[in-house]
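A quick write-up on the structure given underneath.
The values are calculated or read from the model by the stated rules, or taken from the named source; none is laboratory data. It should be emphasised that the depicted structure is a prediction, and the values quoted were computed from it without experimental measurement. Virtual Cβ from ideal backbone geometry, glycine too; neighbours counted across all protein chains shown. Ligands, DNA and RNA are excluded from the accessible area calculation, which covers all protein heavy atoms including side chains. Shrake-Rupley method; radii C 1.70, N 1.55, O 1.52, S 1.80 Å.
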Amino acid sequence: MDNNVIVKVDHVSMKFNLSSERFDSLKEYIIKTIKRQVSFDEFWALKDVSFEVKKGDSLGLIGLNGSGKSTMLKTIAGVLKPTIGTVAVNGNVAPLIELGAGFDFDLTARENVYLNGALLGYTRKEMATHYENIVSFSELQDFMDVPIKNFSSGMVSRLAFAIATIGTPDILIVDEVLSVGDFRFQEKCEKRIRNMMEAGTTVLFVSHSIEQVESICNKIVWLEKGKVRGYGDAKEICEAYRKS
């Protein structure tokens, strides 16, 4: 892989098997599965997708719901393995893919800072040095000893974003998390993303707001029903998307 290329997606297809039957109980499902009496419909979430992301790029993924955006991000983050094709990543990844992923909702926010940090590969000592910054950015000073099961989705989003954006990862993956929370905090998150980009972080970004994608990203992959409809300059692809 070219040293300047940080992510290379090469002819990636992703298949999911969807059960075509309804079951009245888990027991019935397990019994029929063992007897091989369950039939599945194949669903291809991604179909022969190829693109490259260069160091320092900010790549947006756009498309309607069900177009394969989140599935694509999960294959890049290593959460999913492609059915066909390969994804090569050259660097460490800070993923913000699903709200609260990696959190234990019975633990306090303070405990989850260290738990989530460990999942991202940080030591407890490293997390201790970042702790005050995480609390300050998330604006949750009065809630750090509260179990996060009592948090609103916006509070969980704040904490997740504050943890994922400590330091300067090679790649930051952001999937819809900026759509949660108030406008002022969204602006604060956008500013931090831009600061990370200036420090050399490559960003992969998904948002329902085309204006937000166009503002942050210089390149776009437009997915439609799992296939690449367009790939290139952000303004050109966003303009074509609006007209479609």
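Is it true that S50 is of a type in the set (S, T, Y) and modelled with pLDDT of 95 or more?
So S50 fits the description; yes.
Give the residues of region 152-174 that are polar (S, T, N, Q), under 20 Å from T123 (Cβ atoms) and open to solvent by 10 Å² or more (accessible area, probe 1.4 Å), sorted by residue number.
T168
Yes/no matrix, rows are residues, columns are (1) open to solvent by less than 80 Å² (accessible area, probe 1.4 Å); (2) closer than 30 Å to K15 by Cβ; (3) in contact with a strand residue (DSSP E or B) (Cβ under 6 Å, 6 or more places away or on another chain):
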{"residue": "V89", "(1), (2), (3)": "yes, yes, yes"}
{"residue": "V93", "(1), (2), (3)": "yes, yes, yes"}
{"residue": "I97", "(1), (2), (3)": "yes, yes, yes"}
{"residue": "D104", "(1), (2), (3)": "yes, no, no"}
{"residue": "E111", "(1), (2), (3)": "no, no, no"}
{"residue": "M127", "(1), (2), (3)": "yes, no, no"}
{"residue": "V135", "(1), (2), (3)": "yes, no, no"}
{"residue": "S138", "(1), (2), (3)": "yes, no, no"}
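Let me spell it out: the conditions are (1) farther than 24 Å from E187 by Cα; (2) in a strand (DSSP E or B), and L172 meets all of them except one. Which number is the exception?
(1)
What's the total number of residues in region 102-121 that are farther than 25 Å from V53 by Cα and either in contact with a Leu (Cβ under 7 Å, 6 or more places away or on another chain) or touching a residue at least 40 places away in the same chain (Cβ under 8 Å) (or both)?
Summing the residues that are farther than 25 Å from V53 by Cα and either in contact with a Leu (Cβ under 7 Å, 6 or more places away or on another chain) or touching a residue at least 40 places away in the same chain (Cβ under 8 Å) (or both) in region 102-121 gives 13.
Say whether the condition of being closer than 26 Å to Y114 by Cα, under 18 Å from the mean Cα position of the chain (by Cα) and of a type in the set (F, W, Y) is met by at least one residue in region 199-208.
yes
Of all the residues that make up region 189-225, how many are out of contact with any helix residue (DSSP H, G or I) (no Cβ under 8 Å at 6 or more places or on another chain), open to solvent by 50 Å² or more (accessible area, probe 1.4 Å) and assigned to a strand (DSSP E or B)?
So the count comes out to 1.
Just one of S138, S153 is touching a residue at least 12 places away in the same chain (Cβ under 8 Å) and in contact with a Leu (Cβ under 6 Å, 6 or more places away or on another chain); which is it? I'd like the intermediate steps shown before the answer.
On the way: S153 fails: in contact with a Leu (Cβ under 6 Å, 6 or more places away or on another chain).
Answer to the selection: S138.
Would you please list the contacts, defined by Cβ atoms under 8 Å and residues six or more apart or on different chains, that run from a residue in region 47-72 that is within 16 Å of Y241 (Cα to Cα) and free of Cβ contacts under 8 Å to residues at least 12 places away in the same chain to a residue that is of a type in the set (D, E) and open to solvent by 20 Å² or more (accessible area, probe 1.4 Å)?
none
Quick test for you: out of I171, I210, I148, I216, pick the one residue that is free of Cβ contacts under 8 Å to residues at least 60 places away in the same chain, touching a strand residue (DSSP E or B) at 6+ places or on another chain (Cβ under 8 Å) and of a type in the set (V, I, T).
Residue meeting the stated conditions: I148.
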